[in-house]
Amino acid sequence: MMSEPGVLTIKPQAGPDDVLLRIIDLTLHFPTYRGVLGRQVGGIRAVDGVNLEVRRGRTLGLVGESGCGKTTTGRVILRLYDPTGGRIEFDGEDITHIQGKKLRRMRARMQMIFQDPQACLNPRMTVGSIIAEPLNEHRALKGKEKEKRTRELLDAVGLNPKFANRYPHEFSGGQRQRIGIARALALNPDFIVCDEPIAALDVSIQAQVVNLLKDLQEQFSLTYLFISHDLSMVRHLCEDVAVMYLGKVMELGPRDLIYKDPMHPYTKALLSAVPVPDPRVERARQRIILKGDLPSPANPPSGCRFRTRCPVAFDRCAAEQPAWRKVAGNRWVACHRAE
Amino acid sequence: MEVSDLQTVFWSRRTRIYAANGVSFHLNRGELLGVVGESGSGKSVTMMSLLRLLPSPPAEIVSGRVRLGDRDLLSLDPSEMRKVRGGEVGFIFQDPMTSLNPVFTVGYQLMEPLRKHLGLGRSEARKRAIELLSRVGIPSPQDRINDYPHQFSGGMCQRVMIAIALACDPKVLIADEPTTALDVTIQAQILELVQKLRQEMGMSVIWITHDLGVVAGIADRVMVMYGGLVVECAAADDLYANPRHPYTRALLETVPRADMAGQERLKSVGGQPPHLTVFPTSCPFAPRCPHAFDRCRSERPPLMPVGEGHDAACWWDVIEGSPRDDV
Ligand SMILES: Nc1ncnc2c1ncn2[C@@H]1O[C@H](COP(=O)(O)OP(=O)(O)OP(=O)(O)O)[C@@H](O)[C@H]1O
Ligand SMILES: Nc1ncnc2c1ncn2[C@@H]1O[C@H](COP(=O)(O)OP(=O)(O)O)[C@@H](O)[C@H]1O
Ligand code: SF4
Ligand code: SF4
Ligand SMILES: [Mg+2]
Ligand SMILES: [Mg+2]
């Protein structure tokens, strides 16, 4: 059940191994059609066998190049798309195929924050009504109560409650992202998918928003899936990191292990490609430069899908898909070389 | 190349935007100058102004000189200016997808400047276009030359843009956020390519970005812009190790690093970048600056030498922790 709406409640804290969200072999294929009759000719395998665990009260960073399926994964988790296969467990419950009332109730507990704060705020609605919209949809609160809640939410994200009557265009990018965050918090969710929430913001504003996300997490016991291609920010914000490539997760583990001792060749290349703001460090670095581009997700390579760019691929990689294996405590990797 | 006191204003019916407010810098032969700053700090406007690429109206270059060799680009007549653009000065624009024309083949877009600037014939231009494509690392260029931009990935489009910019062996290359839209692994490919080409061709490069990491890896000198002004300029090592302007310091403190575990909370700069609707007569960073004092709000600090080849526009001495008393 949804917790009592009027107050921003504190949820019980849980131990570090308590998994809030578990995803098993999740797939989502977008059908592609051709011709006047719209015959289905194939599919884009945007998500193609993803395994993830997000621990309660923590942040899992999901990184990877554009088009690798990060956003789609986030959207399937929230059941904005119907999964093609696999299983989604949220708080111990299988939500892969739930419908109707059950789905509505679950949705209130899971929210999303988007990359482009401008595009998802209706320009003709006041900030107050944008934030209150989820409250209306879920018929959570009315009248005075609703106004009070809206003011509370604005305050929680560091905006002046008097701004409730203004329109989105009167705000800067960073402030609009705060409005998006306030709206996501309206129903007092447990879990928020943050889809590149700082990618469109200036460097000096990014830190403000990231600090806010951290504060809110603590205050409201939130669990985040933080989708990003900014590996520096992910190292700062996320306790766990999953590295995705062409619809599949290649490696998953605690942040410090992933960054200090990456096991998957793709993770290694990705980390070595991130520029560091220090000329002396940059000069001394050995970069692993990957050859070529991302293959098409409509037709991924056989065996290991990273093999066409992998600097250490060998015969077996084309013939056999590497298994998703647990190598230590919370550490998972899919590579023949990591066995 | 030497730019002095460049000032550009955008006029509209009701407002003016002071986008570049007296920008001065120089570019040494063979060096790579990194230009960093937040969105709206005037990086693109400055570079487009010196190439006279901004449509007027609304843009007006109010003052400035741009010396290249022994000429002032701002007083060249339009036909000479066209020869400079894409000839002596190559440039790459911000968004790779929009700057290649989707209706022409990649080959046509490469051959066009070769025929125009170097007066090459069709087959010669084609030969050179293929050579350029292979130089920027496009596989089987003789087949790809007839492709359209949409048949190329983002990274490949960016390589083509670089090939076009390099077509006429420019002395100066101006690259505006050439890797911002790309993934890090593709960005790494492009950065490696540019370093290689720079060694081979010995050109000078201006590289615009908002990523302090990208610049750290490739720049000889770095110039930081804020509110349409250059606020600090120094050799890359010096700037990163010893930033003297409060804004540069704040920027370097606020970005987390992928190579180190950081602190629990990011240091952040409060407030917003300036609006640029009035000409700055005070320090544009004053509303957000932890060291601001009276003088900052009444008098705009010019770029002043603070060390060997190191300039900063600030009334405060961050080393001494007191107002500068020598100016
Ligand atoms: N055509 C135009 N008309 C009006 N104002 C403009 C125009 N082009 C740029 N500006 C304004 O000039 C200022 C500087 O813009 P500029 O494009 O140089 O910023 P920038 O530093 O390149 O930013 P970014 O990092 O976003 O590319 C901004 O306030 C911008 O809104
Ligand atoms: N609605 C859609 N219809 C068809 N293909 C889609 C759709 N949304 C995403 N895709 C494709 O799915 C793949 C993964 O996309 P996405 O999840 O947006 O990647 P990311 O967020 O990692 O950049 C891409 O190839 C993309 O083009
Ligand atoms: S399985 Fe083979 S191709 Fe894939 S990452 Fe490992 S070594 Fe490379
Ligand atoms: S001049 Fe004053 S306000 Fe401007 S950066 Fe220096 S100390 Fe800060
Ligand atoms: Mg996405
Ligand atoms: Mg720009």
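The values are calculated or read from the model by the stated rules, or taken from the named source; none is laboratory data. This structure is a prediction, so every number in the text was calculated from the model and none was measured. Heads up, the Cβs are rebuilt from the backbone with ideal geometry, glycines too, and the neighbour counts pull from every protein chain shown. Just so you know, the surface numbers come from the protein's heavy atoms only, side chains and all, with ligands and any DNA or RNA stripped out. Shrake-Rupley method; radii C 1.70, N 1.55, O 1.52, S 1.80 Å.
Entry note, chain B: the mean residue ellipticity at 222 nm calculated from DSSP H runs of n ≥ 4, each adding -39500 (n - 2.57), is -9500 deg cm²/dmol after division by the residues and rounding to the nearest 500.
Along the Cα-to-Cβ line of B:Val62, 7 Å from the Cα, sits a label point; which residues in the stretch B:10-38 have backbone N less than 20 Å from it? Inside the label zone: B:10-25. Interface residues of the stretch A:174-207, defined as those with an accessible-area decrease of at least 20 Å² between the chain by itself and the complete set of protein chains (probe 1.4 Å), are A:Asp202, A:Val203, A:Ser204, A:Ile205, A:Ala207.
Rounded to the nearest whole angstrom, the semi-axes of the ellipsoid equivalent to chain A, taken from the Cα gyration tensor as √(5λ), stand at 35, 24, 20, largest first. Using Cα pairs closer than 8 Å and at least 6 residues apart in sequence, work out the relative contact order for the stretch B:178-303, in percent. Answer for the stretch B:178-303 is 16 percent. With Cα atoms defining each centre, the stretch B:34-68 and the stretch B:208-276 are spaced 21 Å apart in the structure. Considering only B:Leu51, B:Ile218, B:Ala163, and ranking their Cα positions along the charge dipole of the protein assembly as shown that arises from unit charges at the beta-carbon of Lys, Arg, Asp and Glu, the one farthest toward the positive end is B:Ala163.
Length gained on full extension, B:Ser322 to B:Ser79: 82.3 nm, using 0.36 nm per residue less the C-alpha separation.
For the stretch B:62-146, applying the loop criterion from DSSP together with a ceiling of 14 other beta carbons within 10 Å to the chymotrypsin sites (Phe, Trp or Tyr not before Pro) yields B:Phe104.
Ignoring any ligand, DNA or RNA, what whole percent of the accessible area of the protein assembly as shown comes from carbon and sulfur when the probe is 1.4 angstrom?
Working: 14530 of 29300 Å².
That fraction is 50 percent.
The overall shape of the stretch B:77-166, judged from the alpha-carbon gyration tensor, is oblate: a/c is not under 1.5, and a/b is no greater than b/c. Here the Gaussian network model covers chain A, with springs between Cα atoms less than 10 Å apart; of A:Pro189, A:Pro275, A:Pro197, A:Pro275 fluctuates the most. With all pairs of separate Cα atoms included, the protein assembly as shown yields a Kirkwood hydrodynamic radius of 27.1 Å.
For the stretch A:129-288, the per residue solvent-accessible surface stands at 35 Å², with DNA, RNA and ligands left out and a 1.4 Å probe. Length gained on full extension, B:Leu53 to B:Glu200: 50.1 nm, using 0.36 nm per residue less the C-alpha separation.
Here the contact order of chain B, divided by its residue count and restricted to Cα pairs under 8 Å and six or more residues apart, works out to 21 percent. Ligands, DNA and RNA are left out, and with a 1.4 angstrom probe the accessible area of the stretch B:160-278 is 32 Å² per residue.
Considering only A:Arg183, A:Arg58, A:Arg139, the Gaussian network model of chain A with Cα springs below 10 Å gives its largest mean-square fluctuation to A:Arg139.
The relative contact order of the stretch B:244-300 comes to 31 percent, based on Cα pairs under 8 Å that sit 6 or more residues apart. Positive contributions from Lys and Arg (+1) and negative ones from Asp and Glu (-1), summed over other residues with Cβ under 10 Å from the Cβ of B:His210, come out at -3. Could you tell me which of rounded, prolate or oblate describes chain B, using a ≥ b ≥ c as the square roots of the eigenvalues of the alpha-carbon gyration tensor, with rounded for a/c under 1.5 and, failing that, prolate when a/b is larger than b/c and oblate otherwise? Since a/c reaches 1.5 and a/b is larger than b/c, the shape of chain B is classed as prolate. The interface between chain A and chain B buries about 3500 Å² of solvent-accessible area in total (1.4 Å probe, ligands and nucleic acids excluded).
When peptides B:124-137, B:277-290, B:33-46, B:170-183 are ranked by their average number of other Cβ atoms within 10 Å per residue, the highest-first order is B:33-46, B:170-183, B:124-137, B:277-290.
Pairs over the 28 Å Cα-Cα cut-off, from the set A:Lys260/B:Lys267; A:Lys291/B:Lys116; A:Lys142/A:Lys214; B:Lys43/B:Lys83; A:Lys101/A:Lys248; A:Lys291/B:Lys196: A:Lys291/B:Lys116; A:Lys142/A:Lys214; A:Lys101/A:Lys248. Shape class for the stretch A:257-339: oblate, because the ratio a/c of the largest to smallest gyration tensor axis (alpha-carbon atoms, square roots of eigenvalues) is 1.5 or more and b/c is at least a/b.
Partnerless cysteines in chain B, where a partner means another cysteine C-beta under 4.7 angstrom, comprise B:Cys157, B:Cys168, B:Cys233, B:Cys289, B:Cys314.
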